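The values are calculated or read from the model by the stated rules, or taken from the named source; none is laboratory data. Computed from a predicted model, the values in this text were never measured in an experiment. Ideal geometry is used to build each Cβ from the backbone, glycine not excepted, and the neighbour counts take in all protein chains shown. Protein only, heavy atoms only, side chains kept; ligands, DNA and RNA dropped before computing areas. Shrake-Rupley method; radii C 1.70, N 1.55, O 1.52, S 1.80 Å.
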Amino acid sequence: PVAAETFATTREQGNLVGNIYWANYFTWASAALDALAHAHVADAAPGEATITALTIDHTREAMPHDRVRVALVARALHQRGATLD
């Protein structure tokens, strides 16, 4: 992975069934991307970093008090960007 973040879940992030509400996955992915951009893109040439697509692959359902690991893996590097999984 080029970046990885771990997030602790709470009951407040859960839904009525008790599992973690799916919208949190996008929040965690965005936080991991922000950390990667801050560490590497901030020192790059002037311009704008743009996310053109984001897909979440659930490996299992998260429950309150779990620790969720979000890993960003470089699939392809381009002259002015990257494709991350």
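Results, tabulated for the structure shown:
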read-out	value
Yes/no for Thr50 being of a type in the set (Val, Ile, Thr), open to solvent by 100 Å² or more (accessible area, probe 1.4 Å), modelled with pLDDT under 85 and part of a loop (DSSP other than H, G, I, E, B)	no
Count - residues of the range 56-68 that are out of contact with any helix residue (DSSP H, G or I) (no Cβ under 9 Å at 6 or more places or on another chain) and open to solvent by 100 Å² or more (accessible area, probe 1.4 Å)	4
Check on Ala71, part of a strand (DSSP E or B), within 11 Å of the chain's Cα centre (by Cα) and surrounded by 10 or more Cβ atoms within 10 Å (Cβ to Cβ)	yes
Output for the range 53-85, where each listed residue is at pLDDT 85 or above, closer than 20 Å to Ala8 by Cβ and hydrophobic (A, V, I, L, M, F, W, C)	Ala62, Met63, Val68, Val70, Ala71, Leu72
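Here is a yes/no grid of residues against (1) within 10 Å of the chain's Cα centre (by Cα); (2) in contact (Cβ under 8 Å) with a residue 12 or more places away in the chain:
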| residue | (1), (2) |
| --- | --- |
| Ala4 | yes, yes |
| Gly14 | no, yes |
| Ala31 | yes, yes |
| Ala35 | yes, yes |
| Leu77 | no, no |
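Residues checked against (1) in a loop (DSSP other than H, G, I, E, B); (2) open to solvent by 40 Å² or more (accessible area, probe 1.4 Å):
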position: Pro1; (1), (2): yes, yes
position: Thr6; (1), (2): no, yes
position: Val17; (1), (2): yes, yes
position: Asn24; (1), (2): no, no
position: Trp28; (1), (2): no, no
position: Leu33; (1), (2): no, no
position: His38; (1), (2): no, yes
